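Have a look at the structure below before the remarks.
The values are calculated or read from the model by the stated rules, or taken from the named source; none is laboratory data. Values in this document were obtained by computation on a predicted structure and should not be read as measured data. Reconstructed Cβ throughout: ideal geometry from the backbone, glycine too, with neighbour counts over all protein chains shown. Note: areas computed on protein heavy atoms with side chains; ligands, DNA, RNA excluded. Shrake-Rupley method; radii C 1.70, N 1.55, O 1.52, S 1.80 Å.
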Amino acid sequence: MSEVKLAASVRTEFGKGASRQLRRDSLVPTVLYGHGTDPVHIALPAHELGLALRTPNVLLSLDIEGKNELAIPKAVQREAIKGSLVHVDLILVKRGEKVTVEIPVQAEGELAAGGNLLEHVLNTLSVEAEATHLPEAVTVSVEGLEAGASVLAKDITLPKGSTLVTDADAVVIQVLAAQAEEPAAEAEATEGAEA
């Protein structure tokens, strides 16, 4: 995984008014936590941060007024309608440090014939990996699976250097049989016979 470099500035003003002004200036109020240090309040460029956050578990290399820090996103708040960034919480990481992150589960392949439905019971898996080598996603093959089949967390091949944190017996994906609708004429006849 590549690092995304961002220039950050330390915030000295706090509160709703100061945060709104930052957003008007195309900056995102951000807080940097971790390693037993006091939280650092910074502002990051909105456009560059938004592009970086498109990658799950992106590693950010922050230049905070001459001091370099590595961080990963912990919580991202977006405006409900426009989807613009409102606030971001970041966690400090160090090279070689193991961290636990959520990675998306993606299914590929065609199910067995018969109109079966694929249900994602878990959309993400918790894995532990080195902070500078975080996986972006994990892919599961559902090729030829029949109704009633399921894929457990322990059945998924994780990227090299990652260990599973999610319960190994948790169902991640299952295949359901399609439910056939009762024809409308038969349903009305059944209801009339019961009355």
When restricted to 109, 114, 36, the only residue farther than 30 Å from residue 150 by Cα and open to solvent by 30 Å² or more (accessible area, probe 1.4 Å) is 36
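Scan region 52-71 for residues that are free of Cβ contacts under 8 Å to residues at least 40 places away in the same chain and loosely packed, with under 14 Cβ neighbours inside 10 Å and jot them down. Walk me through it before giving the result.
From region 52-71, those free of Cβ contacts under 8 Å to residues at least 40 places away in the same chain are 53-54, 66-69, 71; that's our starting set.
Once the filter is applied, which keeps residues that are free of Cβ contacts under 8 Å to residues at least 40 places away in the same chain and loosely packed, with under 14 Cβ neighbours inside 10 Å, region 52-71 yields 54, 66, 67, 68.
Could you please find all residues in region 1-25 being in a loop (DSSP other than H, G, I, E, B) and of a type in the set (A, V, I, L, M)?
1
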With the checklist (1) part of a strand (DSSP E or B); (2) modelled with pLDDT of 85 or more; (3) open to solvent by less than 50 Å² (accessible area, probe 1.4 Å); (4) out of contact with any Pro (no Cβ under 6 Å at 6 or more places or on another chain) in hand, flag the one item residue 74 doesn't pass.
(3)
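Considering each of 129, 168 in turn, give the residue that is among the small types (Gly, Ala, Ser) and surrounded by 12 or more Cβ atoms within 10 Å (Cβ to Cβ).
Within the list 129, 168, the selection yields 129.
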